[in-house]
Amino acid sequence: ALSQIINGLKPRQLAILALPSSRHDDSIQVEDFLQRLHRLYYKSVIFYDLELFFGYIEANLLGAIECVNLIFHQPDELSTLIQERRLAHRLSLFIFYWGAKQPPSAMRVRFEEPMRAVVITRPRPKAFRIYYNQASPTGTSQLRLVNWYDSDNLGLQRTPLLPSAASVYANFEGRVFRVPVFHSPPWFWVSYSNESSAASHLGSEESQEEFEQMEYNEVNVTGGRDHRLLLLLAQHMNFQFVYIEAPGRTQGSLRAPADNGETNDSFTGGIGLLQSGLADFFLGDVGLSWERRKAIEFSFFTLADSGAFATHAPRRLNEALAIMRPFKLDIWPYLILTIVFSGPIFYGIIALPHKWRRRQLPLDVEQLGELCIHMAYVKEITPCVLLMRSRRTRRVPPAHEMPPQLFERCIWFTLRLFLKQSCHELYHDYRAKFLTIVYWIAATYVLADVYAAQLTSQFARPAHEAPINTLQRLQFVMQQDGYRLYVEKESSSLEMLENGTELFRQLYALMRQQQPDDPRAFLIDSVEAGVKLIADGRENKAVLGGRETLYFNIQQYGAKNFQLSQKLYTRYSAVAVQIGCPFLDSLNDVLMHMFEGGILEKMTTAEYEAQARMMTKEQALQSKELAAAENANTNAKSNEAKAQPQHAQDNEMISALNLRMLQGAFIALAVGSLAAGAL
């Protein structure tokens, strides 16, 4: 009978626990059972030691291997040990048989979820009854008759032996779940009462006993994307839920190590409630991480998000340096070198022919037409010849002589040419004229026109700071400009910083150095609080979090005032449940159908649209209040006040020239005048 019952489960392998106290029972024939089981080609392993048996189950759970366990012993003490060692899981099925005629009462043994337990009884010879604790979705520990075996009839009444979890948990029959929640737009909009519970002040230093014994108040949720999602799940799976306040109003993080140095695997916040079995669901941008997966389990993801950070929008640069911005910094050195070397090059073009002629003629030779007269010989000739020389001989004509102060004149000529000042032709040689034309074209069309066009466009659209949209850029401004980075406490983003490598580790070290007196001063209550800090604009701040959460919150304070970074890393959010949750597969089926149908994305978009409508109503209300106040003033002031916001809005993109934009030119003029006066 037992071999046929096990065959109805179709297990991959079977683990058998036969304790010494039950091996000599006449009603249990373990050896005969093993022989019949092996004839059905099932793998089995038998344990006579309880610790080895528990170690075998733990190894299977670590490898996510489903295992069926047959225990020839009463479940009174073993069920308690199984739950204490956290071996209760949907992948582990515990079958108890000790030859009893009736199942144990609920007062005697309670098989709490997520433990899967089967009790086999033998009311009469050749008849067996199979009781299962998860035959009902209500979550109670009642054992229900799901099957039976009668060797005088047809054997096993139905196969498979147990009802599937998909059929059991498709309808929860109005079961009530406890869901921890805290205010985290756009996922949940929570309105707290004036009398907050003591759970809202819990921190990581509280003990596990105080955490479990604390009373949690119900809170009122007014909206949010995950609130809509939970309503849809409740409607589809027929369950109810009650919102309770999450401890500390946070997702939760690992508790601090104990005083004796032992590691503590327990969590605080909403995750801690799931871990201790005081809650059933946890939603609200709950990110997946390796540390959290050791304490809870996650469903199919409800949001495919990415990590990002937000800072203030790039501010306008100083107008005094506007005259330097048409060209980048790497162009100005080449431009200055071009102007500096243009004068010497111009001088060389003019002076080289004169230098060359002087090298061809000796110093004591004079030219008479085509004749060359050696002055040393002439001095020895008669005075008449000297008189003839004074009348008919001549030196190098003035046209071939170098002009005086040629080098200085070339320098100033090129400077005037590049600065577009009026200047006379320096030399009448063809080479000098050609080079003057080349310089003029370069100064007019290449430099002056390009510079003027760039400067005009920048005056029309003022320049702004370089955006901070990468981790490298954020690290640089934190080191050089004193930026401060904030992160939500007990969030997945904080875990990324604490357990990350390279840049994340360096950023976390810089955050702890922001305020040496309080190394945890960079923690904030929520992403919304961090966005408020940036909106204040008093200091340079940045907030790290989920991109969708940041995007939603910056919409409330005006997207034009913020800068959202690039996608830093991929992060997924899902519904958190207890480890070994028996209805996780049913929940995943519903979520996957919602994802494939685009319902999750539509919910997110609808929440953004609802926020936009809310902001529009607030702006309309403010406009009415302003209009009512303006009616008390004169019509002229009223019209001027009404026209001012539209004018300011138009000036955000394009603005007219004013003296403030031209202050750089006046500063350059003043510096030049002072330098000229000093020289």
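The values are calculated or read from the model by the stated rules, or taken from the named source; none is laboratory data. All values derive from a computational prediction rather than experimental measurement. A quick note on method: Cβ atoms are made from the backbone with ideal geometry, for glycine too, and the neighbour counts reach across all protein chains shown. These area figures cover heavy atoms from the full protein model, side chains too; ligands, DNA and RNA do not enter into them. Shrake-Rupley method; radii C 1.70, N 1.55, O 1.52, S 1.80 Å.
Measuring with a 1.4 Å probe in the full set of protein chains, what accessible area per residue, in whole Å², belongs to the stretch 553-610?
Working: 2700 Å² over 58 residues.
Heavy-atom SASA per residue in the stretch 553-610 reads 47 Å².
Let me check something: with ligands and nucleic acids excluded, how do Leu435, Leu533 order by accessible area (1.4 Å probe), largest to smallest? Please report the intermediate quantities before stating the final value.
Numbers: Leu435 30, Leu533 55 Å².
Per-residue accessible area, sorted high to low, gives Leu533, Leu435.
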Report task. Kindly provide the pair-distance distribution of the stretch 38-104 built from C-alpha pairs, with 10 Å bins from 0 and whole-percent values in order of increasing distance. Result -> 17, 53, 27, 3
Requested in this report: State to the nearest 20 debye the size of the charge dipole of the stretch 105-150 about its Cα centre, where the only charges are +1 on K and R beta carbons and -1 on D and E beta carbons.
Outcome: 260
Query raised in the report: Just the accessible area per residue of the stretch 465-544, please: how many Å² with a 1.4 Å probe?
Result: 49
Requested in this report: Take the cross-link list Lys294/Lys567; Lys101/Lys126; Lys489/Lys617; Lys489/Lys567; Lys328/Lys567 and give me the ones stretching past 23 Å between alpha-carbons.
Outcome: Lys294/Lys567; Lys489/Lys617; Lys328/Lys567
Report task. At 1.4 Å probe size, with no ligands or nucleic acids counted, give the accessible surface of Arg144 in Å², nearest ten. Result -> 110
Report summary line: Excluding ligands, DNA and RNA, the carbon-plus-sulfur percentage of the accessible area of the stretch 27-90 with a 1.4 Å probe reads 52
Query raised in the report: Sorted by accessible area (1.4 Å probe), largest first, how do Lys420, Lys560 line up?
Result: Lys560, Lys420
Report task. Determine how large the accessible area of Ser136 is when every protein chain is in place; take a 1.4 Å probe and give Å² rounded to the nearest 10. Result -> 10
Report summary line: Taking only C-alpha positions in the stretch 117-170, Rg and Dmax in angstrom work out to 12.1, 37
Report task. Can you send over the carbon and sulfur percentage of the accessible area for the stretch 504-572, probe radius 1.4 Å, protein chains only? Result -> 42
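When the solvent-accessible surface of protein heavy atoms is calculated with a 1.4 angstrom probe, in what order do Leu232, Leu52 fall, highest first? Numbers along the way, then the final one.
Working: Leu232 55, Leu52 110 Å².
If we order Leu232, Leu52 from most to least accessible, we get Leu52, Leu232.
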Query - Relative packing of 91-100, 503-512, 266-275, 218-227, which averages over residues the other C-beta atoms within 10 Å, highest first - result: 266-275, 91-100, 218-227, 503-512
